[in-house]
Amino acid sequence: MRFSELDLETKKSLHDELTNKANSIGGMNFFLQMIEDIRAEKPSSLLNKSAAFHYKKGKITWGKSIFKDTLTTLFSAMRKEEKDGDIINGLNPKDYKATMNMMRALKPVTISISSNDEKDGHGFNFNILDSSEAKNTKIDLMFKIVYFYNIEFAKEALTYKA
């Protein structure tokens, strides 16, 4: 997804949401530094068995440890959602089962991001999966921005002028 292809209302709401979240951990530079630290971690920070990841300015925690096959299925589902607009439609039975198992495993997981210094802010939370619509689970946009999209997307959203 490209930020420039979004409609004006979506750009504005995304800018406001990202700015609020960035300010809750110390500002735009701290937010972008966190994304860079996450991307630099190999293998993915989500595979840490302790369900925690320390970046330079804070800490990221989540509800339970995530295994490599679940994470691989999640990233495949993200690519499919970006391309087709749906995670499940058109999957063969084997992939459908793997995707449904991934969704069951990750639906209750909430990622919490906090700053090391309380004066920088209180941090924020987001879910991996967005199940706000019945029968239409999507991958949360904040999760995509932090773990999947190019860092330029976050920079454009944060610096957007309405």
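The values are calculated or read from the model by the stated rules, or taken from the named source; none is laboratory data. Every value quoted in this text rests on a predicted model; they were computed, and no experiment measured them. In this analysis, Cβ positions are derived from the backbone assuming ideal geometry, glycine residues included, and neighbour counts consider all displayed protein chains. We work out accessible area using only protein heavy atoms, side chains counted, and drop any ligands, DNA or RNA first. Shrake-Rupley method; radii C 1.70, N 1.55, O 1.52, S 1.80 Å.
Can you give me the Kirkwood hydrodynamic radius for the stretch 2-122, using every pair of distinct Cα atoms, in Å to one decimal?
Taking every pair of different Cα atoms in the stretch 2-122, averaging 1/r and inverting gives 16.4 Å.
Largest first, please: the extent of the C-alpha atoms of the stretch 15-65 along each principal axis, to the nearest Å.
32, 22, 17
Take the chain, connect every pair of alpha-carbon atoms lying under 10 Å apart with a spring to form a Gaussian network, then pick out the residue of Gly26, Gly63, Gly85 with the largest mean-square fluctuation.
Looking only at Gly26, Gly63, Gly85, the biggest GNM fluctuation is shown by Gly85.
Distance between the C-alpha centers of the stretch 53-91 and the stretch 115-151? Whole Å please.
11
Hey, what do the phi angles of the stretch 81-88 turn into as Karplus ³J(HN,Hα) couplings, whole Hz, using 6.51/-1.76/1.60 and θ = phi - 60°, x for Gly and Pro?
5, 5, 7, 9, x, 9, 7, 9
Give the carbon-plus-sulfur fraction of the accessible surface of the chain in %, rounded to a whole number; probe 1.4 Å, heavy atoms of protein chains only.
Of the solvent-accessible surface of the chain, carbon and sulfur hold 50 percent.
Express the accessible area of the chain per residue in Å², computed with a 1.4 Å probe while the remaining protein chains stay in the model.
57
Between beta-carbons, use under 15 Å as the cut-off and find the net charge around Thr70, counting Lys and Arg +1, Asp and Glu -1.
+4
I'd like the Karplus ³J(HN,Hα) series for the stretch 32-48: coefficients 6.51, -1.76, 1.60, θ = phi - 60°, whole numbers in Hz, and an x wherever there's a Gly or Pro.
Values per residue, Gly and Pro as x: 5, 5, 4, 4, 5, 5, 5, 5, 6, 6, 10, x, 3, 4, 5, 8, 4 Hz.
Hey, what number do you get for the chain at 222 nm if only DSSP H runs of n ≥ 4 count, each worth -39500 (n - 2.57), divided across all residues, to the nearest 500?
Helix contribution divided over all residues of the chain: -15000 deg cm²/dmol.
Which of the lysines could be linked to Lys21 by a straight reach, that is with a Cα gap under 22 Å, when you skip same-chain ones fewer than 8 residues away?
Lys11, Lys12, Lys56, Lys57, Lys59, Lys107, Lys119, Lys138, Lys144, Lys155, Lys161
Please compute the alpha carbon radius of gyration of the stretch 74-162, then divide it by the globular-protein estimate 2.2 N^0.38 Å. Two decimals is fine.
For the stretch 74-162, the normalised Cα radius of gyration is 1.27.
If I fit a long axis through the Cα atoms of helix 93-106 and take the longest principal axis of the Cα atoms of the chain, what angle between them do I get, 0 to 90°, rounded to 10?
40
In the stretch 101-156, which GluC sites (Glu not before Pro) fall in coil by DSSP and have 11 or fewer other Cβ atoms within 10 Å?
Answer in residue order: Glu133.
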